[in-house]
Amino acid sequence: MSTTTTETANTETEPATGPSEGVGNPTRSSLTKASPAAKLRMGVVTVSIWRNLDQEGRAWYSATVERSYKDKSDQWKHTNSFGRNEMLVVAKIANLAHSKIHELESRDRAAAAYDESSFAKASSVRERA
């Protein structure tokens, strides 16, 4: 079984259907349908990783897990319920999501450090002028 990783543009909010709706997320007042920061798929199980901002503007990540299936009319549906056969897949993809969140946090730290160094350089150039 292969794993598919999809990265999308970082966003500041979770979708309206996210599990932490309205809890500790000040960006809710300007809620729009957001895209996940990353999406991992293994068979019918998908993890969406969401980038959120706290009140100080620091990023934190959360994840949602869902299983896709076709109903009796052959339409794709999604659920957060998993049977015995999906449990090991959920564990494996949760492990991958954990690693992906660490990678995204590392990128955030690197970008913040770059922004700080760029600001410091720009300030010193202005002081010399």
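We did not get these values from a lab; they are worked out from the coordinates using the rules stated. Note that the coordinates shown come from a computational prediction; the quantities given were computed from them, not determined experimentally. Every residue, glycine as well, gets a Cβ built from its backbone with ideal geometry; the counts of neighbours run over all protein chains shown.
Tell me, what is the FRET efficiency for residue 90 and residue 53 to the nearest 0.05, using R0 = 35 angstrom and their Cβ-Cβ distance as r?
0.80
Note the full-extension length gain between residue 74 and residue 111 as 0.36 nm times their separation in residues minus their Cα-Cα distance, in nm to one decimal.
Extra length available between residue 74 and residue 111 comes to 8.9 nm.
Kindly put 53, 40 in sequence by how many other C-beta atoms sit within 10 Å of each C-beta, fewest to most.
53, 40
What does the charge count around residue 47 come to, taking other residues whose C-beta lies under 9 Å from its C-beta (Lys +1, Arg +1, Asp -1, Glu -1)?
+2
Calculate one ³J(HN,Hα) per residue across the stretch 34-45 by plugging θ = phi - 60° into the Karplus curve 6.51 cos²θ - 1.76 cosθ + 1.60, and present them in order as whole Hz with x for glycine and proline.
9, 9, x, 5, 7, 9, 10, 9, 9, x, 8, 9
Check cross-link reach from residue 100 to the lysines: straight Cα distance under 21 Å, and skip same-chain residues fewer than eight apart.
39, 92
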